[in-house]
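In what follows, a single structure is set out as structure tokens and then discussed.
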Amino acid sequence: MESQKGARLGAAPADTAVDHDGDEHEKGDHHMSTDIRAAQKAVEAFMAAGGQTTSIIPEVPVDPIVDRRILMLREEVEELATAWASNDIVEYADAIADIIYVALGGAVEAGIDIEPVIEEVIDSNNSKIDWQSAQPWARHGNGKIAKDEHYRAPDIRSIILQQVATEARL
């Protein structure tokens, strides 16, 4: 994580950048860079300009802040359901983008650099796929990709603890 006091998120360090040449699945490279850090920085700037809470040390926000964030997420999920029911792809896309934006705001409020967390979750979910056959190792009856003995749970705790330790040293 690259961070400075007062400047929560910076550009990804060069050694974490992923160069994609289009044949990652053929090569067995299933780690895709999310490049979400720039989006989180934009949300952080919006929130700071609007006088909303931003944090540089990972911690669970206080009740009124969490209540507002949950309310906003519920509203956006309801918009997603309405767009689906209306078969409106434009509103559907808008609702998905709004959900992501509001969720990133939650990460900003909590002082979480969400990019490494998302990358860890992606890597964990990718352990459910046999990349040789490009098929899930297991599937539930409803079609959901299942966890089996190949599954590796995400280690989010170590990412957050590292972020806390890094910010505490600044």
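Answer with one residue from W131, M72, V117: the one whose Cα lies farthest towards the positive end of the charge dipole of region 58-139, charges on Cβ with Lys, Arg +1 and Asp, Glu -1. Highest projection toward the positive end goes to W131.
For region 58-149, the alpha-carbon coordinates run over 46, 39, 20 Å along the three principal axes, in decreasing order. Where in region 100-132 is the amide nitrogen less than 15 Å from a point lying 7 Å along the Cα-to-Cβ axis of R157? Answer for this model: none.
Between I145 and I129, the simple label model (points 7 Å from Cα in the Cβ direction) yields a spacing of 0.5 nm. Legend: calculated FRET efficiency, T82 to A45, from the Cβ-Cβ distance at R0 = 45 Å, rounded to 0.05, equals 0.95.
The separation of region 86-121 from region 124-153, counted between C-alpha centres, amounts to 24 Å.
Values in this text are rule-based calculations from the coordinates and carry no lab data. Model, not experiment: these values are computed from the prediction. All Cβ positions, even for glycine, are placed from backbone atoms using ideal geometry, and neighbour counts span all protein chains on display.
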